[in-house]
Amino acid sequence: MGRFLLRRLLTAIPTLLLIATLAFLILHLAPGGPFDSGHVLLPQIQHAIEARYHLDEPLWRQYLRYLADLAHGDLGPSYVYRGTSVNDIIARGLPVDLAVGGTAMLAALLAGSAIGLWAALNRGSWRDRVPMTLAVLGISLPTFVTAPLLVLVFALQLHWLPAGDWVAGSWRHLLLPALALALPYTAFVARLVRASALDTLASPWIRAARARGLGTWRVLLHHALRPTMLPVVSFLGPALAGVLTGSIVVEHVFGLPGIGRYFVGAALNRDYTLVMGLTLLYGTLVVLFNLLVDLCYAWLDPRVRVAA
Amino acid sequence: MNATRQGLWREAVRRLLEVRSQRWTLYVLATLLGAALLVPLASPHGYATPEWTRILRPPSPSAPFGTDGLGRDLLVRTMWGCRVSLLVGLVASLMSVCIGVAWGATAGLLGGRWDALMMRTVDVLYSVPFIPLVIVLTVVFGRHFLLVFAAIGAVSWLDIARIVRGQALAIGQREYIEAARALGLPPGRMLWRHYVPNLAGIVVVYATLTVPSVILFEALLSFLGLGVQAPLASLGSLVADGAAEMQAHPHVLVFPAALLALLILCLNHLGDGLRDALDPRQP
């Protein structure tokens, strides 16, 4: 297990390096720079600014300088939000995203698994067909459609919940964004769990457990649950990536002070360091989460443990 | 051989059409496609011309979806949006299928070290947060229509590559391949006679499922204001426009949102149905 973990951690480094290099090249090879839009500056001032941020150096030096800073955990100063470092922006925004995204993922997992299991146990009846039809609908409704519709219904028409804004620790402000983010994943998890549960329930060891006279709940919880959850666990990796981009939309619609809303603006303003920092943060989160998923997988499925 | 291959496809189509919900899906898709093509031709209103005398009208017989903030007919704009979304969906999916099949088949057929190298690359690319990168790309290089195609196509081929590679490896292990090799079938014919027909089904299914995901991706970019350029519209940019006006004029949001959902729903359902129909193990 330790070796497996070490190997996965070591492969994460080239991945992150690739992301950093790609983002760096795209940004720096593109026309336009962070300081050449808007007002006309005196040449001396322009030079002074570029020297201050090392933009006058050859590209390879800038790249190495960035990597050296990165190795020390310093993502550099933001070019547009003067006097603020990218680390500050992330430290302020990330907790909001973690709260919304975490709530959404948890809700999607719990609700999706419950719905999927229920549908599988009632296979073929309306208690299977209705939730599964809704699930196809849920997958087909993207976050940027559901989020405005949720605002329209629950905030603007019914006035039950606030339409946006963020108050730290207030569940009323958390509920709608998390719901909008959770809906497609709930639907996806429900479909996965249903299919997987049907497979599991048809397997010989479940029949054996039933033949030994164990009760329905005991069979479900002790014998069927773990193998049923395997596909869900491997879905969690891609799901996190989806939640991250979904949070860009949700922040946009609800006006949350997370990091996603900086992203588009930062790219538009050529805020090199901020875009790089956020892209790397997304990459790190995805890599970390995939690692976590693999560990969970090994824990749930003894066959994987043996192979590793 | 040719007759049986045709038979397989005919059988699949028959099985697909046996399911009532699939027949309805096809009707709805055909209607949508027809409307997207014909309505802009038949309507006297252009998708781009503002009409200041009829701003934000609710739905009425003369404008079934109402009008938007510039007085443009929302039905015409939504149908134009469908055209754009479908075009992006088809072209970008085609691109991603081509790259994915080429990559996956090469890895699966070569095997060994090449396979390991190519699949490690796919693994690494999987961890790249692509949507942020595409956002950066589209922002930085301008919002050219072709770039949207290229960016989406270039990032959505990973799944297909993995699936095709797995399938190609599995086919390589089969007895009939061994028999064909023993009989001295040249590689080109082997590819054409054995690999292509066996891979075609799974490629068709995943291509169908790629179309809706690509349409959603383009809609996301357009929603963030990074996709198609105004006055042209895609379903995503129409939803974004609608979201801005929804408080006083919900119809501007509801119609494009419903149409986008319907389109994606139909395509997803069709993909599911094709998967069932093409799976010969099913009774």
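The values are calculated or read from the model by the stated rules, or taken from the named source; none is laboratory data. Note that this is a predicted model, so its numbers are computed, not measured. Cβ atoms come from the backbone with ideal geometry, glycine included; neighbour counts cover every protein chain shown.
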- Message: Here is a list: A:182, A:197. Which entry is away from every other protein chain (no Cβ under 14 Å), in contact (Cβ under 8 Å) with a residue 40 or more places away in the chain, more than 18 Å from residue A:246 (Cβ to Cβ) and surrounded by 23 or more Cβ atoms within 10 Å (Cβ to Cβ)?
- Response: A:197
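For (1) within 10 Å of another protein chain (Cβ to nearest Cβ); (2) more than 30 Å from residue A:50 (Cβ to Cβ); (3) without any contact (Cβ under 8 Å) to a residue 24 or more places away in the chain, each residue gets a yes or a no:
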{"position": "A:163", "(1), (2), (3)": "yes, yes, no"}
{"position": "A:166", "(1), (2), (3)": "no, yes, no"}
{"position": "A:178", "(1), (2), (3)": "no, yes, no"}
{"position": "A:216", "(1), (2), (3)": "no, yes, yes"}
{"position": "A:233", "(1), (2), (3)": "no, yes, no"}
{"position": "A:248", "(1), (2), (3)": "yes, yes, yes"}
- Condition broken by residue B:244, with the remaining ones in (1) surrounded by 15 or more Cβ atoms within 10 Å (Cβ to Cβ); (2) within 12 Å of another protein chain (Cβ to nearest Cβ) satisfied: (1)
- Query: residue B:103 is checked against (1) of a type outside the set (D, E, K, R); (2) at pLDDT 90 or above; (3) closer than 30 Å to residue B:35 by Cα and fails just one. What number does that condition carry?
  - Reply: (3)
- Quickly run through the range A:223-248 and pick out the residues that are under 16 Å from residue A:302 (Cα atoms), at pLDDT 80 or above and not aliphatic (A, V, I, L, M). A:223, A:226, A:227, A:228, A:231
- Query: What is the number of the single condition among (1) closer than 21 Å to residue A:261 by Cα; (2) not in a helix (DSSP H, G or I) that residue A:144 does not meet?
  - Reply: (2)
- Residues of the range A:204-241 being surrounded by 13 or more Cβ atoms within 10 Å (Cβ to Cβ) and not in a helix (DSSP H, G or I), which ones? A:214
- Of the numbered conditions (1) assigned to a helix (DSSP H, G or I); (2) within 11 Å of another protein chain (Cβ to nearest Cβ); (3) in contact (Cβ under 8 Å) with a residue 60 or more places away in the chain; (4) surrounded by fewer than 23 Cβ atoms within 10 Å (Cβ to Cβ), residue A:278 fails exactly one; give the number of that condition. (4)
- Item | Where residue A:22 falls short, out of the listed (1) loosely packed, with under 11 Cβ neighbours inside 10 Å; (2) at pLDDT 80 or above; (3) of a type in the set (A, V, I, L, M) | (1)
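Would you confirm, using the coordinates I've provided, whether residue A:292 is surrounded by 24 or more Cβ atoms within 10 Å (Cβ to Cβ), in a helix (DSSP H, G or I) and hydrophobic (A, V, I, L, M, F, W, C)?
Details: surrounded by 24 or more Cβ atoms within 10 Å (Cβ to Cβ): no; in a helix (DSSP H, G or I): yes; hydrophobic (A, V, I, L, M, F, W, C): yes.
No: the conditions fail for residue A:292.
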- Item | Count of residues meeting criterion [closer than 30 Å to residue A:201 by Cβ, within 14 Å of chain B (Cβ to nearest Cβ) and not β-branched (Val, Ile, Thr)] in the range A:89-148 | 8
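With the structure loaded, tell me whether residue A:220 is more than 25 Å from residue A:288 (Cβ to Cβ), more than 10 Å from chain B (Cβ to nearest Cβ) and of a type in the set (A, V, I, L, M) or whether it fails that test.
yes
List the helices (runs of 4 or more DSSP H) inside the range B:105-198, counting only whole elements, that have at least 2 residues being closer than 30 Å to residue A:262 by Cα and without any contact (Cβ under 8 Å) to a residue 24 or more places away in the chain.
Values: elements: B:112-126, B:130-140, B:145-155, B:158-172, B:175-182, B:187-190.
Passing ranges, in order: B:112-126, B:130-140, B:145-155.
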- Residue satisfying condition, being in contact (Cβ under 8 Å) with a residue 40 or more places away in the chain, surrounded by 13 or more Cβ atoms within 10 Å (Cβ to Cβ) and not in a helix (DSSP H, G or I), within set B:56, B:70: B:56
- Message: Could you check the range B:224-235 and list, in sequence order, the residues that are in contact (Cβ under 8 Å) with a residue 12 or more places away in the chain and either away from chain A (no Cβ under 11 Å) or closer than 12 Å to residue A:148 by Cβ (or both)?
- Response: B:227, B:228, B:229, B:231, B:232, B:233, B:234
